[in-house]
Each structure stands twice: as C-alpha cells, then as structure tokens.
1. Please compute P(r) over all alpha-carbon pairs of the chain, binned at 5 Å starting from zero, and give each bin as a whole-number percent.
2. Name the residue farthest towards the positive end of the dipole of the chain from the options Q163, T24, S130, assuming +1 on Cβ of Lys and Arg, -1 on Cβ of Asp and Glu, about the Cα centre.
3. With all distinct Cα pairs included, what does the Kirkwood hydrodynamic radius of the stretch 2-60 come out to in Å, to one decimal, could you say?
4. Modelled label-to-label distance, L159 and T224, 7 Å Cα→beta-carbon offset: nm?
5. Where the only charges are on Cβ atoms (+1 Lys, Arg; -1 Asp, Glu), what is the dipole of the chain about its Cα centre, to the nearest 20 debye?
6. Within the stretch 148-174, which residues have the backbone N less than 12 Å from the label spot 7 Å out from E213 along Cα→beta-carbon, could you tell me?
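What follows draws every value from the coordinates through simple rules; no lab data is involved. Computed from a predicted structure; not experimentally measured. Cβ: placed from backbone, ideal geometry, glycine included. Neighbour counts: every protein chain shown.
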Amino acid sequence: MRSLRLFALLDHLRGRSIPISAETLADMLGVSVRTIYRDMVTLQAMGAPVRGEPGVGYQLEQGYFLPPLHLDADEMEAVMLGMRLIAARGDEPLAAAARRASAKFAASMAPSRQEAYANLPMRAASRATSESDGAKAHLPLLRDAIRRRLILRIAYTDLAGKQSERIIRPLGLTLFDSAWLLTGWCEARDAFRNFRVDRIGTIDSDGAAFRHENGRRFADYLKTL
C-alpha cells in the first residue's frame, strides 16, 4: 500500500508549477500530514526529484525523468473517455491531437497497464449535423487566434436571423451537447459576447494582436456565470 501511495504522491506533484502543501496532499490521499512528511523523506532518500519541506510545500524539479503514470481505474476511464469525446466532437486537427495525446498517456504508463487502458470499454459517438459541420470549419482558425491573441473581424448571424459584423478579442471555446460557443470581448459593445461557432459566416484577421487586460479575460467572463 505504501509503494502505491508513493507513486500517487509523484503523480499529484507531476506538472505542478508551484509547491503543494502537505495538508493538501494528505487530504487528497486520505492520510495524515505526518504520513506525508515521512513519505516525502522516503522519496527524497530514494533519489526522487522532490523539492520542498514541511511548512513550505513540495514540488518536483523540472527536467527529471519520472516513473510511469499510475492511474487508478476511474482516472484511466476519465482520460480515455475525455480523449475519445474530443476525437469525436472536435475538428480534424484537434481530433488527431487527442489521439496522439492518448497514445502518449498510454506510453507513460507501466506496461501492465497500457493494454488495459487501450481496451477500456469506453466510447464517445457524435452524429454529424449542420451545426457540428459548420463549427468544425472554423475551429482550427479560432483555436489558433485564441492562442495567438489575434483580433478578429467576424460576420455573424444570430438565432433571429439578424446579421452583423463584429470586431472581437477571441477568448475561449465551450463545447455543449449540440454546439460550440465562442466567447469574446466585443469591441463595439465593450462587453463579453458569446457566438455560436456554426453561425459565424466569415472570419478575417490582419494579424493585429491584443494583450489580456484585467476584466476582459476568459477567466473574468467565467466569474460572471
């Protein structure tokens, strides 16, 4: 049991850019803080790249080799189903990325777990619709614009059939059951606005970029929900 907990500790530390407290780790694993302290000493004595100390928190040194991921059954199913959902619902570049990422997850697991992961009885299906096809045509460009913070000019038709042209800062995408939604900061309205991606007609950009500003970020939009 203790060896499994040590692997679990490394998994919880994996990829964190800031220290995580012993109290938080203890709560995650259902053990005492004193047990976490002992386990960290054990990991450090074994040569694990753990940095930190009681009262400060712990994190992993960057650039070190880590042992294979040790996912429990629920975690494996969550990862597999999430990857297959994106493969079914995303545009082709995103679907291909999901398949590659899933293969990398499998490769990072112990050999005994790789076959179990690949053969999980979890599937995600998506029926092609005019909404999904219309959205997929724009998703690669929108995802790139969000990453690069490119100002966009879009032609949009709302649900009432009213057409308009907007200049927006694209901030984030949300996948719903039947549609993709683009959240942006509309320069004309000086406010957040949501746009059904399948109802966007054209998208243009002259390459101009914007800087994130407090009150105009995707995180700020989420706080209004």
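1. In order of increasing distance, the bins hold 1, 6, 11, 13, 12, 12, 12, 11, 10, 7, 4, 2, 0, 0 percent.
2. The one lying farthest along the dipole's positive direction is Q163.
3. 11.1 Å
4. Here the answer is 1.7 nm between the modelled labels.
5. Values: 32 positive and 26 negative charges, 51 e Å.
Computed about the Cα centre, the dipole is about 240 debye.
6. Under 12 Å, as judged by backbone N against the label point of E213, lie 169 of the stretch 148-174.
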